[in-house]
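Structure record follows, encoded as structure tokens.
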Ligand code: ATP
């Protein structure tokens, strides 16, 4: 298949903002990929060459892309930069230069998808000495063959900025439309399969063969998967109601981060976060504890990992251990400074088979059987079973008194449903007004804070599109010991900068923060139509992905509540 066909689809997708039209365009194209392509090529539709969970990146910064364009078309970097300052899209600039280039008619338009895909993958694999030059060679090779438009999308892909508006939801609906034509709940079935496989190539391939193949997708230890999420309850009574009434399981809501603990039948242990990141290397202590204190030939356990102070044995808030998730070096030192305790609350796979369809009551029995609790290392999450609200209330009060975040209320008869807030599990915590928002832009500070990005433009999700809801500059700290600092945030944001004008930058939407505020106002200054007043960052959320941020609907709902 020629890369030209992909490029036509990118162009058509970019031309419409209508979701249904995008779904149609993609559905038609997926059928073509099925006939004459490779399943992995679906990654290219989201500008990738690996599944979403795979952290490998192209490692092509804007500066390097400028170099690559200059190098490929034999022009001065200064000329590329000049055009870039004017247009702001290196993809379009590559297109311009590719069109100007004199090409051998023989070579033109002969770029295959396979070639593009291979070179892109190779680019992600190059490391070490001379890496930059070897990457440049691979880019040059592609751009050398590319037509104008092909050059545009190659460069945009390398910069992870395709600008065609294809979110996972659109891809899901397109696969459903293409291959599950006469099925009820087609999109839901695709989503269920995706939650298990978390890999669009696997889901696309199975769906293209039929619904039976799709339903045969199963979890396997050693690979990431989506976890089950909870619904927020406003009080105990609602918590019971969400979980179907009668007897429910009530547990502490530990303030740590979610971890899926996997053991394959070969005895290999791997750890994944709820964002599907493999954090095995960062937590050798957890691997060790699991090896010693959990029985079973193979399993997938669901847990919350909480940090505590090594000396005082006091539990620490989530921010403290978020350092451990990020840390790639000097792991041992941090392991001593910030030890963790693993609280196991569920099991999804045990001794060679999935136990997701068994009731929570049964799953919990397995957990109790195989986990050998050792204080401050690993334990089965504390649980009471009750049908009495007063008893639940007592448990809740006690949890808050000892400084826990709240409680989880769980349906004992329910299966495990990954990914969605299905109502098998509710969370209850004291009312806080906060949203999870993604940073899409920032401004440099002045004076003492010169050179640091100190105020951040926030966005929520409007059906796959990001819309701005205000700007926040408070909540971060001056000192590292007090929490997330401006320096740290600047370090996170700088590599994500995609545009710079004066002291304002636009960044790739990756960094999610929880933000509290005083109230919400209608405002024409932001694209959502709303602005948060007196916003303050309460937490950096490396555990949340951009798919999980607050929706515009929720913002609207809260704004309406205030007006009542
Ligand atoms: P929040 O923002 O309130 O922390 P969330 O959006 O991160 O919630 P939810 O799924 O809505 O995530 O809330 C449940 C989270 O609470 C789980 O993802 C898990 O990380 C954590 N948790 C702590 N203790 C438990 C427990 N005993 N059972 C299940 N989840 C628990």
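Every read-out reported here was derived from the displayed coordinates using simple, explicitly stated rules and does not represent laboratory data. All figures in this text were calculated on a predicted structure; none of them were measured in a lab. Counting neighbours? That spans all protein chains shown, and the Cβs are built from the backbone with ideal geometry, glycine included.
By count of other Cβ within 10 Å, fewest leading, how are 200, 41 ordered?
Details: 200 23, 41 19.
Listed from fewest to most nearby Cβ atoms, that is 41, 200.
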Q | Rounded to 10°, Cα long-axis angle of helix 552-563 versus longest principal axis of the chain | A | 60
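Could you tell me how many cubic angstrom of Cα convex hull volume segment 3-158 has per residue?
On the way: hull volume 18.9 nm³, N = 156.
Per residue, the Cα convex hull of segment 3-158 comes to 121 Å³.
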Q: Rank the residues 1, 356 as a footprinting-exposure proxy: fewest other Cβ atoms within 10 Å of their Cβ go first.
A: 1, 356
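Counting each DSSP H run of 4 or more residues in the chain as -39500 (n - 2.57), what helix-only mean residue ellipticity at 222 nm follows after dividing by all residues, to the nearest 500 deg cm²/dmol?
On the way: 20 runs with 220 residues, N = 564.
Rounded to the nearest 500, the figure is -12000 deg cm²/dmol.
Counting pairwise Cα distances across segment 245-285, what percent come out greater than 13 angstrom? Before the final figure, lay out the partial values.
Details: 534 of 820 pairs.
Beyond 13 Å sits 65 percent of the P(r) for segment 245-285.
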Q. Quick one: Debye curve from the C-alpha atoms of the chain, no solvent, what's log10 I(q)/I(0) at q = 0.05, 0.06, 0.09 Å⁻¹?
A. -0.23, -0.33, -0.77
Q: Write down, largest first, the equivalent ellipsoid semi-axes of segment 364-475 in whole Å, where each equals the square root of 5 times an eigenvalue of the alpha-carbon gyration tensor.
A: 40, 19, 16
**Q.** Between 0 and 90°, nearest 10: helix 200-209 axis offset from the chain longest Cα axis
**A.** 90
Q. Taking Cα centroids, how far is segment 146-198 from segment 388-442 in Å?
A. 32
Q: Return the inverse of the average 1/r over all pairs of distinct C-alpha atoms in segment 228-428, which is the Kirkwood hydrodynamic radius, in Å to one decimal.
A: 17.3
(Q) How large is the Kirkwood hydrodynamic radius of segment 123-195, counting all unique pairs of alpha carbons, in Å? (A) 15.3
Q. Expressed as an acute angle from 0 to 90° and rounded to the nearest 10, what is the orientation of the C-alpha long axis of helix 90-100 relative to the principal long axis of the chain?
A. 20
Q.
Only counting other Cβ atoms within 10 Å, I'd like 66, 93 sorted with the fewest neighbours first.
A. 66, 93
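Report the equivalent ellipsoid semi-axes for segment 124-274 in whole Å, largest first, defined as the square roots of five times the eigenvalues of the gyration tensor built from alpha carbon atoms. Intermediate values should be presented prior to the final figure.
Details: eigenvalues 306, 112, 64 Å².
Listed largest to smallest, the semi-axes of segment 124-274 are 39, 24, 18 Å.
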Q: Round to a whole angstrom and tell me the spacing of the C-alpha centers of segment 1-46 and segment 217-256.
A: 37
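Can you tell me what the convex hull of the Cα atoms of segment 197-309 projects to on average, as an area in nm²? Walk me through the numbers before you get to the answer.
Details: hull surface 41.7 nm².
Projected over every direction and averaged, the Cα hull of segment 197-309 covers 10.4 nm².
Semi-axes of segment 434-563's equivalent ellipsoid from the Cα gyration tensor, sqrt of 5 times each eigenvalue, largest first, rounded to whole Å?
23, 15, 14
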